[in-house]
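The values are calculated or read from the model by the stated rules, or taken from the named source; none is laboratory data. Because the structure is a prediction, the values reported are computed rather than measured. We place every Cβ from the backbone using ideal geometry, glycine too, and count neighbours over all the protein chains shown.
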Amino acid sequence: MNSNQRRIFDSVVSVDAWHTSFDNASQVAAVHVDVSFLRGKLGDEPESPVRFEVSLSKAEVVFIIPAGEPLSVIQTSVRREQPLTVQKTLITSKDRSMMVKGNAGLNIDAANTNIELSSSGGYSNATNSQEQTQVTQNTGGIAWAQSKLPTGEYVWQLAPANSKALLGKAWDSVLEPLLKIKNMSKVENVIESVARIEVRCRREDLVISNFVIKDQGVVQNIKNKMLNNKIAAAEAYIRNSLSDRNLDVRNFSDPYGSITLADLFIEKQIEE
């Protein structure tokens, strides 16, 4: 495959994207995107003076149709997050206690030597109720929210649901399409390798850990002072790795700048 069609920083993310055949009558096709996140181990090359691990704290998946292309997104088909479910539960309990009245007495009949003890009483019931509210949302290991960028692209923002790093699959890509597209051209089935998927993050979303300078002898004579700053050294390595894959690193110097981790065209699904 042409490297211009599929560029992925595969140390931390795996992406596959495909669309079904366009229906002859409706000219509609479903787009499926499979995204998985990894904890990458970088610097295993013999010439690399450093070794470290990198993962992501956040990322976003962006669906892109180039301007002027005769494709449109069917809005009702866009995969959107499930709304929060609010569940209220009313818990009721009853307490039953004996109540004794204060008219108890003792009667003694000296003639018949009978002793009678009498008292009067009853039971009282108390009802207690408590309301509990629970907010729930079905999520996997990765939570996501869908939105739309000012430039018009649909985007899915991803964050870990139960940990500090994105690990595993974002969603089930086979059972549910990401969205559906319609061919607005009068010519049938002419749209191939036009729509794209990008996976992006910000520089501050890079989680760098387990940094090691492999050759301690190099440390004594090191000329590149950047290696004295572990984070800067790791970021420089990542930037070079992205550049080698022709991925966009123009904003890498900005902690809030967008970094492209994957850029690929959506291919036609191979039929069985």
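Somewhere in region 193-212, is a residue on the phi < 0 side of the Ramachandran plot, surrounded by fewer than 16 Cβ atoms within 10 Å (Cβ to Cβ), modelled with pLDDT under 85 and part of a loop (DSSP other than H, G, I, E, B)?
No, every residue in region 193-212 fails to be on the phi < 0 side of the Ramachandran plot, surrounded by fewer than 16 Cβ atoms within 10 Å (Cβ to Cβ), modelled with pLDDT under 85 and part of a loop (DSSP other than H, G, I, E, B).
Surrounded by fewer than 18 Cβ atoms within 10 Å (Cβ to Cβ) and either closer than 23 Å to E81 by Cα or touching a His at 6+ places or on another chain (Cβ under 6 Å) (or both): which single residue out of K41, K58 fits that description?
Working: K41 fails: either closer than 23 Å to E81 by Cα or touching a His at 6+ places or on another chain (Cβ under 6 Å) (or both).
K58 is the lone residue from the list that is surrounded by fewer than 18 Cβ atoms within 10 Å (Cβ to Cβ) and either closer than 23 Å to E81 by Cα or touching a His at 6+ places or on another chain (Cβ under 6 Å) (or both).
Within region 12-26, how many residues turn out to be farther than 13 Å from S173 by Cβ and either outside the structural domain of F63 (by TED's automatic domain parsing) or surrounded by 17 or more Cβ atoms within 10 Å (Cβ to Cβ) (or both)? Explain how you work it out, then say what you get.
So the first thing to find is which residues in region 12-26 are farther than 13 Å from S173 by Cβ, and the list is 12-13, 21-26.
In the following step, the residues that additionally are either outside the structural domain of F63 (by TED's automatic domain parsing) or surrounded by 17 or more Cβ atoms within 10 Å (Cβ to Cβ) (or both) were identified as 12-13, 22.
Residues that pass the stated criteria total 3.
Quick one: how many residues across region 217-249 are at pLDDT 90 or above and not in a helix (DSSP H, G or I)?
Count: 5.
Take region 148-172 and flag every residue that is surrounded by 19 or more Cβ atoms within 10 Å (Cβ to Cβ) and of a type in the set (S, T, Y).
Selection gives Y154 alone.
Farther than 26 Å from A161 by Cβ and in the same structural domain as V212 (by TED's automatic domain parsing): which single residue out of R51, R39 fits that description?
Working: R39 fails: farther than 26 Å from A161 by Cβ.
The match here is R51.
I'm told F265 meets every condition in (1) surrounded by 16 or more Cβ atoms within 10 Å (Cβ to Cβ); (2) within 26 Å of E47 (Cα to Cα); (3) modelled with pLDDT of 90 or more except one. Can you identify the failing condition by its number?
For F265, the exception is condition (2).
Counting only residues that are at pLDDT below 90, closer than 24 Å to V155 by Cβ and under 24 Å from the mean Cα position of the chain (by Cα), give me the strands (runs of 3 or more DSSP E) lying completely in region 12-92 with at least 3 of them. Steps first, please.
Numbers: elements: 13-19, 28-37, 40-42, 50-56, 59-64, 71-73.
Result: empty, no element qualifies.
May I ask you to verify whether S163 is small (G, A, S) and at pLDDT below 90? Spell out how you get there, then give the answer.
On the way: small (G, A, S): yes; at pLDDT below 90: yes.
Criteria met by S163.
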